[in-house]
1. Just to confirm my numbers, what's the Cα centroid distance between the range 628-644 and the range 283-330 in Å?
2. What are the residues whose amide H is under 5 Å from the amide H of Ile645, where those residues sit 5 or more places off or on another chain and H is modelled from the backbone?
3. Going down the list Lys554/Lys631; Lys470/Lys669; Lys439/Lys554; Lys553/Lys669; Lys439/Lys553, which pairs span over 21 Å between their C-alpha atoms?
4. Once you compute Rg and the Kirkwood Rh from C-alpha atoms, what is the Rg to Rh ratio for the range 422-507?
5. Give a residue-ordered list of calculated ³J(HN,Hα) values for the range 530-543 (Karplus: 6.51 cos²θ - 1.76 cosθ + 1.60, θ = phi - 60°; whole Hz; x for Gly, Pro).
6. At 0.36 nm per residue, minus the direct Cα-Cα distance, what do Leu161 and Gln440 gain on full extension? Give it in nm, one decimal, please.
7. Taking just the alpha-carbon atoms of the range 507-591, what radius of gyration and Dmax come out, in angstrom?
8. Please work out the C-alpha center-to-center distance from the range 419-452 to the range 332-383 and express it in whole Å.
Amino acid sequence: MKNQLRTFGILAAFAILFLFLVQAVTTFVESIYILDLMNTSLDEKAAGVLFFFSPVMLFLIDRQRSRTVGWVCLFILVVGRGLLPYLDTAGRLLAGGMAAGAGLVLLPLWLTTTQEVVDDHAWLAPAQGLALGAVASTLQRSMYGSLDISLAGTGSILGWLEAVGLVLLYLICKPVDRFDRSWETDNRTNKKLAPAMAGTACILALSHFVFFSPGVLARWADANYPLTTSLASGMALGYLVFSLWQPGRLAKISPGLVLCWNVAFAFAIGAAAIINTPIFPQDPTNAAQVAFPAGIWQQGFLWLAILLSPIIYHDLAIFGAVLVEQKPAPRQLAGGFLWGIFLWVVMIFLNIFSNVWGYVDPVSTPWRGKYWLPFFILAGLAGWLAWQTERGNPGRPASGTAITKKTGIALAAASIGIAGFILFLTLSGEPHARPPDGKQSLVVMTYNIQEANDGRAQRSYDRQLALIRKINPDILALQESDSARISLGNNDYVRFYASQLGYFSYYGPPTPAGTFGTALLSRYPLENPAVIYSFSDSDEIGTTRAEIMLNGKKLKIFDVHPDGSPAADEAFARALIEQVNISGTAIALGDFNLRQSEPAYQQIAHVLVNAWLQVYPSGINPQGLDMSGDKRIDHIFLSPDLTAINAFYLPPPESATDHPAHWAEIRWK
């Protein structure tokens, strides 16, 4: 019983450490991106990535300094992580960077001493902690519509409770007081240490990119969100329980099987992204491409990647085994870990550049359409390093169990319950709004949410949600909503708003497409959704299309956000007009990035009616709000058989974004 308690204690400590580290890194990267989003270019704030390289301090740590460094890092990690929900964006950048840097120093210190705490099965402890941390992160995100509730004001107490738990476990385990004295004078290098630590950084990067917020995978292929999150959590829990119950069987996995498992996983996760990357027209004269939601065959690689995902935990166990066997000094881990972290940082930039390829020329341009590449590189390299590390392995304890059969059965039942609870939480966010019967008019709203940030680069999802509730639209078109990616903290605001409102939703272009994001939310079921991809030369253009039925009448909705040169604008306008002409009754709304004097606008206005000008032909409403001439780029266009009864603009800062909120009440003539 005592050994079991020690095992569970160190697992919980690793889980919270990994959870805090990924949360800090996620918030840190998001904050840099948000502040740079204001000017769509790199500036001095990007230098904040130097926090990632804080493990250079490991070169300086000896036995006399280890205890002090450990406590200082723990203090910075806990306090920095705890303050994140209360700070503005610049404050989160600093606190998140410091917490991430402290965690990246503390982790190797703990890894070098785990064998003194968990005895025979120490090599599995970090992997088990990572799996438990991934489940905890997914659970916290499931509680709040994809946003981590412990990083929101309403649930910030949860983060502090976890911090108290980490400190108590740190006091009990005292890892930095347990260094083996042999490393004080042993400066020998081991050829497996550097690959093991580089591989550890790759696993951390994959956790940051995907597996601590697996709902983002659903946005790759229009997959079922509740099923995606619960299945990913179930696979992590399955590895955790099996590794506790039958650690000897994991020790017997051959290097060949490790290699095959990793190759299959790397191929599956890369293919899951690349197969859902649309092919864009390469010339403004090319016809637009209409893409429908991914079918089963397009989702197959995604489900395969999730089913194979426990290999990332086993890879980390392999790397942990090297540390148990070699008992290295922290300074011996620094070089390999820093190389792995360097790759992690490069993959962050590569992932972001695949989305903003038109803005940081010439650095970003080659990465257009290559959203899949960082995932494939990280998974492939982690697998190759694990295979190289495992070859010639002198052997590990291949018998015995860390827990009793009775405890194993209890943990298995608890794991099924946790995965089921995550499924229940995500299902509770599914549509439940009931459209009113016999309604003769609709309120339609277009809202460029700027990834849920206001004009001062501050988070505003709570204010935006309050505004949406106040306006109470029947149809809501969001732009700049493709936030289920690491640059925006993996926060799926489409999911968040839809779950809070109870609306039906269609995310629009999948994340690998690299568009701004054009999502549709509706009180009415959205039928026959699709995305229209037109030529672009600075940012991908995806126009979301869906249908609703109102009193037996079909209405097509187009949510738009074009950008680029006049040639791209006119290609978009032609594609939209073509779709409208074959659609019958239609509404096209969104951030058109087109002013009234521009040719592309005039092409659209020749076919459709601008709702604002239909209500206020002068462009000025009775309250004196002047949106005449070229003062508008957010528009609501109606087909001629529709008429606008009222139309409204709410300018910033009241709109809680950098665009005005625009809505109108419409009905059939």
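Here, each number is a calculation from the coordinates, and none is a lab measurement. Predicted model only: the values in this text are computed from it and were never measured. Positions of Cβ are generated from backbone atoms using ideal geometry, with glycine treated the same way; all protein chains shown enter the neighbour counts.
1. Taking the Cα centre of the range 283-330 as reference, the centre of the range 628-644 is 44 Å away.
2. Correct list: Glu665, Ile666, Arg667.
3. Values: Lys554/Lys631 32 Å; Lys470/Lys669 27 Å; Lys439/Lys554 14 Å; Lys553/Lys669 13 Å; Lys439/Lys553 12 Å.
Beyond 21 Å between Cα atoms: Lys554/Lys631; Lys470/Lys669.
4. Values: Rg = 13.7 Å, Rh = 13.9 Å.
Rg/Rh for the range 422-507 comes to 0.98.
5. Ordered by residue, 3J(HN,Hα) equals 7, 10, 9, 9, 10, 4, 9, 9, 9, 7, 4, 10, x, 9 Hz.
6. On the way: separation 279, 0.36 × 279 = 100.44 nm, distance 5.12 nm.
Full extension from Leu161 to Gln440 adds 95.3 nm.
7. Over the range 507-591's Cα set, Rg and Dmax evaluate to 12.8, 41 Å.
8. Value for the Cα centre distance between the two parts: 35 Å.
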